[in-house]
Amino acid sequence: KKMDNTAGIVTFPRPEGYDLVKSFADSTRVTFEDIRKATPADREQARKALDGFLENCLFVHCSGNGGYIEGLGFGR
């Protein structure tokens, strides 16, 4: 499964504020100074985004990508 993406059998929605998490993950974090600079100013919003990710990736919140599934030759 992939988040907010049609290039897979199953997808799930991107949580609000997830860009904070992504920008931190994509940043350079070689030194502690790098980590401090890259840490989101609003840590609570980043925590909520991570909690949202964990909630959204549960199967109950996932949806099938019909075109991808049919392209593989599977029926819905």
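Quick note: the coordinates plus some simple rules give every number you see, no bench work behind them. What you see is a predicted model, and the numbers here were worked out from it, not measured in a lab.
Round to the nearest 10 and give me the degree value, 0 to 90, for the angle of helix 43-56's Cα axis relative to the longest principal axis of the chain.
The angle comes out near 20 degrees.
Could you work out the relative contact order of region 2-71? I mean the mean sequence separation of Cα pairs under 8 Å and 6+ apart, divided by the number of residues, in percent. Spell out each step's value before the answer.
Numbers: 78 pairs, mean separation 31.5, N = 70.
Relative contact order comes out at 45 percent.
Which three extents, in whole angstrom, do the alpha-carbon atoms of region 2-71 cover along their principal axes, largest first?
That works out to 49, 22, 13 Å along the principal axes.
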